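J.: Handing you this structure, nothing more for now.
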Amino acid sequence: MKLDWDSEFFGHTIAELSGSVSRSGLEAVLNEAKKSSIELIQACVDLSDVDQINMLEENGFLFWETKVTYEKKLSLEKKEKPQYIEAQENNVPALQNIASQVFVDSKYYAVGFDKKKVDTLYEVWVEKAVKGTFDDFCLIHQDEDDILGFITAKILDKKTARIGLIGVDPRHQSKGTGTQLLLSLDAKLAEEGIEKIQVSTQGKNVVANNFYIKNSFYLKESHVWLYKKII
Ligand SMILES: CC(C)(COP(=O)(O)OP(=O)(O)OC[C@H]1O[C@@H](n2cnc3c(N)ncnc32)[C@H](O)[C@@H]1OP(=O)(O)O)[C@@H](O)C(=O)NCCC(=O)NCCS
């Protein structure tokens, strides 16, 4: 349950509760966490699992944020397939420039982690997507040589893909670029035979929630993130 990559990246030992735990199971986890010098435990619980949420809160877990997950079925019989452009390694600085401006709200700011470190999370994420080392690929939308926005995704199984990040340069938002990126993603995924795309966003990101709804995504599930600082 220790998150090795995240712990290394943020410089704090972070663990995550997986699945539902009983009261006694949680007690054992918290004792073990203290022994292993875990600093932060996070939990992502289905919003309908009120008993689990209440039990965690009674044991000192605090509300962090809500996570809303959407899904869209891909229509594979599209007549006109839009083109897509895969980002190349020489695009990374421009993509990181966009990422640093648009992903300004991580839940890790709220727990006192080094802000500069948290700031760079999305820059690392987009670079990894271009290299195919976390998300599988990154697509871009360009105006001549200018990159207006990007979308990253991971193929989860033969039928399902998940969007990691989508970001549009603030100067070009609300002009249809995000929608074009989703169409590019559809085209790329249709080639792979993918049938559905999932994406999660923060409940408080009103623009992103409405953006997905406008683009034919349907609500699949909602979760609440909770956290407890141990040290
Ligand atoms: C979310 C985002 C990718 C949308 O891209 P975009 O190019 O601005 O979106 P589009 O112009 O294609 O808009 C499509 C629809 O999204 C919604 N939308 C877009 N911008 C909006 C805004 N400022 N307020 C409310 N709704 C908005 C609208 O429903 C819009 O449809 P409409 O133009 O018919 O009203 C972009 O705003 C962005 O980069 N945001 C910051 C990063 C982020 O939050 N990413 C998502 C989480 S990973």
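J.: Is there any pair with a first residue in segment 200-213 that is closer than 15 Å to Lys72 by Cα and a second that is within 6 Å of the ligand (Cβ to nearest atom) and assigned to a helix (DSSP H, G or I) whose Cβ atoms are under 7 Å apart and which are 6 or more apart or on different chains, and what are they?
T.: Thr201/Ala208; Phe211/Gly178
For (1) within 12 Å of the ligand (Cβ to nearest atom); (2) open to solvent by less than 20 Å² (accessible area, probe 1.4 Å), each residue gets a yes or a no:
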| position | (1), (2) |
| --- | --- |
| Val118 | no, yes |
| Val126 | yes, yes |
| Asp136 | no, no |
| Pro170 | yes, no |
| Ala187 | no, yes |
| Ser222 | no, no |
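J.: What number of residues within segment 15-37 satisfy the criterion of being open to solvent by less than 50 Å² (accessible area, probe 1.4 Å) and touching a helix residue (DSSP H, G or I) at 6+ places or on another chain (Cβ under 8 Å)?
T.: Final tally of qualifying residues: 4.
J.: So, in segment 154-168, of the ones that are within 11 Å of the ligand (Cβ to nearest atom) and of a type in the set (A, V, I, L, M), which residue ends up surrounded by the fewest Cβ atoms within 10 Å (Cβ to Cβ)?
T.: Leu165
J.: Shifting gears a bit: Return yes when Ile213 is surrounded by 21 or more Cβ atoms within 10 Å (Cβ to Cβ) and within 25 Å of Asp136 (Cα to Cα) and no when it is not.
T.: Spelling it out, it is not the case that Ile213 is surrounded by 21 or more Cβ atoms within 10 Å (Cβ to Cβ) and within 25 Å of Asp136 (Cα to Cα).
J.: Take Gly193 and decide whether it is within 24 Å of Val50 (Cα to Cα), more than 11 Å from the ligand (Cβ to nearest atom) and open to solvent by 20 Å² or more (accessible area, probe 1.4 Å).
T.: no
J.: Step by step: first the residues of segment 40-77, then only those that are modelled with pLDDT under 95 and within 25 Å of Ser200 (Cβ to Cβ), then the one that is most open to solvent (accessible area, probe 1.4 Å). Which residue is that?
T.: Leu76
The values are calculated or read from the model by the stated rules, or taken from the named source; none is laboratory data. Please read these numbers as outputs of a predicted model, since none were measured by experiment. Note: ideal-geometry Cβ built from the backbone for every residue, glycine included; neighbour counts use all protein chains shown. Calculation scope for accessible area: heavy atoms of the full protein, side chains included, ligands and nucleic acids excluded. Shrake-Rupley method; radii C 1.70, N 1.55, O 1.52, S 1.80 Å.
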